[in-house]
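We did not get these values from a lab; they are worked out from the coordinates using the rules stated. What you see is a predicted model, and the numbers here were worked out from it, not measured in a lab. Positions of Cβ are backbone-derived with ideal geometry, glycine not excepted, and every protein chain shown enters the neighbour counts.
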Amino acid sequence: MTDIITAADRVELARQAASFIIARANEAVAARGRFSIALAGGSTPRATYQQLASPALRNLMPWAHTLVFFGDERAVAPDHPDSNFRMAREALLDNVPLGPESIHRMRGEATDLAAAAAEYADLLRERLGEPPRLDLVLLGVGDDGHTASIFPDVVDACRGPQWVTAVVSAAKGPRLTLTLPTLAAARQVVFLIAGADKREVVRRVIERPAGEPAYPSALVQPQSGALTFLLDRDAAAGLRTGR
Ligand code: 6PG
C-alpha cells in the first residue's frame, strides 16, 4: 500500500514527518518493545531531525527503546561536512537522550568499504535478526531518481543478496548503502521529498510512466511493509491529481 501525504511547505513537512515518526516509534515499542529507524542523509531530513529534537516533541519519542541506523554514508570521516552521520548528529543525535550503544554509524572512513559494508550487515543481523527488519527507513530522492546511495549506475550492485554494500557511483564516488532487499524488508519506508526541483522525479517515481526506465527509488517495494511519500506541495505539484 502506498500513501501520499502532502504538506503545504517545508516547515509543515518537517512537522508532519516528525509526528509520523513519533507515531510509528510508539507503535513499534508497544508491539515489540523497541523501534529501529534508518536515517536518511542529504539535506531534506535535517528539518525533520531538528523537529524531533525540539523541546515540544523530544519527549514524545521512546528514545530509551530506539535503535538508530543509517541508510547510507559517504566515504568520508564522521566529522566531515559531507558526512550523513555528522548532519544527523548535529540536528538530532547530540540533542536527544540516546546512548552511544543505540547509534549505529556506517564507517564511511574505512579504507576497505566492502569490509565496512559486511561489518554493517553483521551489525544489522545481530541487532535485528535475519532478515534485518527495520521498523522505519527514511529515504530521500535525488534528481537522478537515486535513493540512499542506490544510484542508476550501481543499481545492479544493490539488488542483494547482501543487506549492505559498497558502491562507486560515477557521479557521486564511493558510498556505503543499504541494498534494495533491506529496504524491502522494512515495516515502513518513508520518502521525504521537498522542493519544486523534485517535481519531475516525484512524478516518475510515483506514477512510473509506461516506457520510461524505472528510477532506483521506484524499485523500493516493501514486501509486507508500508510505503509512504511525505511531500511538500512543490514536490507534489507534478502528480496527476496535483495532490
Ligand atoms: C545522501 C542521501 C541521498 C539523499 C538524496 C536527496 O547521502 O545524499 O542518502 O539519497 O537522500 O540525494 O538529497 P536532498 O535531501 O539533499 O535533496
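So for segment 150-231, considering every pair of alpha-carbon atoms, how many percent are separated by more than 14 Å? Display every interim value, and only then the final one.
Details: 2188 of 3321 pairs.
Value for segment 150-231: 66 percent of Cα pairs lie more than 14 Å apart.
Quick one: dipole size for segment 41-137, taken about the Cα centre, charges +1 on Lys/Arg Cβ and -1 on Asp/Glu Cβ, in debye to the nearest 20.
Numbers: 10 positive and 14 negative charges, 72 e Å.
Using only the charged Cβ atoms, the result is roughly 340 debye.
Any chance you could tell me what percent of the C-alpha pair distances in segment 14-74 go past 16 Å? Can you show the working numbers first?
On the way: 808 of 1830 pairs.
For segment 14-74, the share of Cα pairs beyond 16 Å comes to 44 percent.
To the nearest 20 debye, what charge dipole does the chain have about its Cα centre, counting +1 at the Cβ of each Lys and Arg and -1 at the Cβ of each Asp and Glu? Please list the in-between numbers first.
Values: 27 positive and 28 negative charges, 120 e Å.
The dipole magnitude comes to about 580 debye.
Starting from the Kirkwood radius over alpha-carbon pairs of segment 105-243, derive D by Stokes-Einstein at 10 °C in a medium of 1.306 mPa s and give it in µm² s⁻¹. The partial results should precede the final answer.
Numbers: Rh = 15.5 Å.
D = 102 µm²/s.
With the radius of gyration and the Kirkwood radius both derived from the Cα set of segment 22-150, what is their ratio Rg to Rh? Write out the running numbers ahead of the final one.
Values: Rg = 14.4 Å, Rh = 15.2 Å.
Over the Cα atoms of segment 22-150, Rg/Rh equals 0.95.
Using DSSP, restrict attention to beta bridges with both residues in the chain and report what percent are antiparallel, rounded to the nearest 5. Show your work: numbers first, answer last.
On the way: 10 of 33 bridges.
Among the beta bridges of the chain, antiparallel pairing accounts for roughly 30 percent.
Among Ile150, Tyr120, Val68, whose Cα projects farthest towards the positive end of the dipole of segment 12-152, with charges put on the beta-carbon of Lys, Arg (+1) and Asp, Glu (-1)?
So the residue we want is Val68.
How large is the Kirkwood hydrodynamic radius of the chain, counting all unique pairs of alpha carbons, in Å? Don't skip to the answer; put the middle values down first.
On the way: mean 1/r = 0.0563 Å⁻¹.
Taking every pair of different Cα atoms in the chain, averaging 1/r and inverting gives 17.8 Å.
Quick check on packing: order 121-132, 85-96 by the mean number of other C-beta atoms within 10 Å, highest mean leading. It would help to have the intermediate numbers written out before the result.
Numbers: 121-132: 15.6, 85-96: 18.6.
In decreasing order of mean packing, 121-132, 85-96 become 85-96, 121-132.
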